[in-house]
Amino acid sequence: MLDTYREVVTPEGVALHLPAAGPVPRAVAWAIDLVIRMVLLMVASTVLAMLGTAGYGPYAVLTFLVFWFYPVLFEVLDQGRTPGKRALGLRVIAGNGAPVGWLAAFTRNLLRTVDMLPFGYATGLIASLADPWGRRLGDLVAGTLVVHNARPHEPQAAPVSAALAPAVALLPHEQAALVAFAERGPRLTQERQAELADLAEPLVQARGTLAVARLYGIANWLLGRRG
C-alpha cells in the first residue's frame, strides 16, 4: 500500500486503491461549505425580513435544513461531493468503495456534534490523526471514507529494461505487488521510488536507484518480457 491508499477487493475480485484524504483538505472543503451555507442564510434572512415577525419561523426551519441536510443531500445525490469537496477534489464513499447511501450520510453528519467536541472539531481531528485513513468518528461509525477523486490515466507498463528473474520464488501477492509498483512507479518521484524499492532490499540485494531498476526488471520478467 502506497502512502494513505486503502486497498479494497470487490466481490468480483477487483482491487480498488482508494487515496484517503487527510484532515487538511477536508477542513478546507468544510470551510468552503460553511461559507456557502452562511451566504444562503444571509440571502434568506434578507428576503424573510420583509415578512417581519412572520419570517422568524421559516428562517429557523431553513437554518435547520441548511446546516443538517445540506451535506447529506449533496453527498447522496452528487456522488459523495458537497460543493466544498468538489472544489478540493474529494468525495465520500462507503468503506467498500461503493457510493455512500442515505443512512451512512445521515449517520456521519449527525455525529459531527460529537466530532466538534469540546471545540474546533478537536475530537474529530484526534480521531483522524489516529486513524490510518484519516477517518473521524462519524466516518468510523458510518463506515465511510473521504477520498481524493482518482485522476483518470492510461495504465502504464514497467519501463523498458532488461528482464531479471527473481532470486527466490515469489508468492502470488508478492508478484502482484511488484507489478503494481512497476505500473505506478513512473507517476512517482525518483526519491519516492527509491524509498519504496528500499523495502525490497532482501529480494533485490540493493538499495536506491539500483533497487528500483532491479524491481522493474523483475516486473518485466513476471510479465513475460524476456527480450
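Throughout, read-outs are computed from the coordinates displayed, never taken from laboratory work. The structure presented is a predicted model; accordingly, all values stated were derived computationally and were not measured. Using ideal geometry, Cβ is built from the backbone for each residue, glycine included, and neighbour counts are taken over all protein chains shown.
Assorted remarks:
- Between helix 208-222 and the chain: long-axis angle, C-alpha atoms, 0 to 90°, nearest 10: 80
- Angle between the chain longest axis and helix 172-184 axis [Cα atoms, degrees, rounded to 10]: 70
- Residue-averaged [θ]222 nm for the chain, counting only DSSP H segments that reach four residues, each worth -39500 (n - 2.57): -16500 deg cm²/dmol
- Among [x] 1.36; [y] 1.03; [z] 1.56, the entry derived from the coordinates for Cα Rg over 2.2 N^0.38 Å: [x]
- Here the spin labels are modelled as points 7 Å beyond Cα on the Cα-Cβ line, and at Thr63 and Thr46 they lie 1.9 nm apart.
- Angle between the chain longest axis and helix 23-48 axis [Cα atoms, degrees, rounded to 10]: 20
- Within the chain, longest stretch free of exposed trypsin sites (Lys or Arg not before Pro) [DSSP loop, at most 16 other beta carbons within 10 Å]: 1-206
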